1. Please count how many residues of the range 268-306 are open to solvent by 80 Å² or more (accessible area, probe 1.4 Å) and in contact with a Lys or Arg (Cβ under 7 Å, 6 or more places away or on another chain).
2. Is it the case that some residue within the range 108-129 is at pLDDT below 95, surrounded by fewer than 18 Cβ atoms within 10 Å (Cβ to Cβ) and of a type in the set (D, E, K, R)?
3. Among what's in the range 245-268 and is within 24 Å of Val218 (Cα to Cα) and touching a residue at least 12 places away in the same chain (Cβ under 8 Å), pick the residue that is farthest from the chain's Cα centre (by Cα).
4. With respect to Leu66, is the statement that it is in contact with a strand residue (DSSP E or B) (Cβ under 9 Å, 6 or more places away or on another chain) and closer than 23 Å to Thr159 by Cα true?
5. Kindly provide the set of residues from the range 70-90 that are open to solvent by 20 Å² or more (accessible area, probe 1.4 Å), touching a residue at least 12 places away in the same chain (Cβ under 8 Å) and aliphatic (A, V, I, L, M), ordered by number.
Amino acid sequence: MSHPMFKLAHISDVHLGPLPRLSIRELASKRITGFVNWHRNRRKHLFGDTLDLLLDDIKAKQVDHLAVTGDLVNLASGMEIQTAAAWLKTVSDPFHTSVVPGNHDAYVPGAYEKAMRSWYPYVRGDEAPAEWQEDQRIFPYLRIRGQVAIVGCSTAVATPPFAASGFYSSRQARETVNILRAVGDAGLFRVVMIHHPPIRGATSFYKRMIGIRRFAAVISTGGAELVLHGHTHLNTLHWLRGHMGSVPVVGIASASQGVGGLKPRAAYNLFSIAGRPGAWELKAERYSLNDSGSGVDPEGFDILAT
């Protein structure tokens with residue numbers, strides 16, 4: 001591959017645990033369904049040491065940047081949001097880590113704003129105010145790191161019980177197109193981060209992304225070289241039509257998924273980006289938790305040429 005090379009790691013659906021003690025007031029909402037689901041299902045297979053194994057392996061690879069595509073928490077209580085902010089500081093500094101929120105980060109009304117305020121250094125664009133400002137629009141954001149432009153989008157909205165859908169607005173779509181065109185004209189490799197899979201049929205109806213057609217239009221008119229998402233807890237590869245050709249849309253298993261569950265074991269994607277406009281080279285590798293849950297092994301992946 002041509003040099004210099006930019007190494008980008010991708011994790012998602014961290015679901016930091018265990019759940020903190022919640023008050024009756026906090027549980028008197030949609031959180032009660034998530035609380036029951038956690039204790040019946042998720043806590044059996046989501047382990048903190050699994051996440052640590054992935055992060056240790058990522059650090060050993062000496063990556064240039066880490067992309068986290070949402071669901072840092074479970075029920076978006078105040079304590080969980082603060083814990084996630086502290087966790088982010090242990091992972092890396094904001095310059096080397098980019099975050100977009102997921103549906104669990106906006107689990108109930110008001111949670112999204114609390115999370116964005118708390119995680120602001122990791123979700124703000126390069127030209128955004130240095131300090132959080134009330135009612136500001138964070139997404140889409142733009143971060144430029146070397147020859148790579150990272151565009152963060154949000155589908156995180158509070159939903160009714162038993163729903164986990166996301167929403168991609170027309171305003172966000174218009175602004176994303178403008179950003180993608182500008183950084184494309186500047187000769188940068190464009191990576192779009194979003195939580196919900198922007199692919200029709202990629203998840204069940206109640207977990208879908210509302211605005212899939214809108215997002216597809218953004219990619220086809222604005223252009224991109226890579227789209228990263230989470231939400232499904234699956235290792236997936238789809239394609240969208242881009243301005244100059246097909247664009248890979250890559251999902252990843254939950255970063256905390258242990259062995260023995262119905263979903264794939266914890267994994268991360270590692271992308272090596274090199275080349276130049278019109279001749280980009282993209283190598284994609286996947287590393288996942290091994291059968292014993294004691295370490296992380298290469299799983300293989302495709303070479304994606306753009």
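1. Qualifying residue count, the range 268-306: 2.
2. no
3. Within the range 245-268, the first condition is being within 24 Å of Val218 (Cα to Cα), and the residues that meet it are 245-252.
Filter again for touching a residue at least 12 places away in the same chain (Cβ under 8 Å), leaving 245, 247-252.
Values: Gly245: 23, Val247: 17, Pro248: 15, Val249: 12, Val250: 10, Gly251: 9, Ile252: 9 Å.
Among those residues, the one meeting the criterion is Gly245.
4. In short, no.
5. Let us first name the residues in the range 70-90 that are open to solvent by 20 Å² or more (accessible area, probe 1.4 Å), namely 78-79, 82-83, 86-87, 89-90.
Still in the list and also touching a residue at least 12 places away in the same chain (Cβ under 8 Å): 78-79, 82-83, 87.
The answer is Met79, and nothing else.
The values are calculated or read from the model by the stated rules, or taken from the named source; none is laboratory data. These figures come from a predicted structure and were not determined experimentally. Note that we place each Cβ from the backbone using ideal geometry, even for glycine, and neighbour counts take in every protein chain shown. Accessible surface areas use protein heavy atoms only, side chains included; no ligands, DNA or RNA. Shrake-Rupley method; radii C 1.70, N 1.55, O 1.52, S 1.80 Å.
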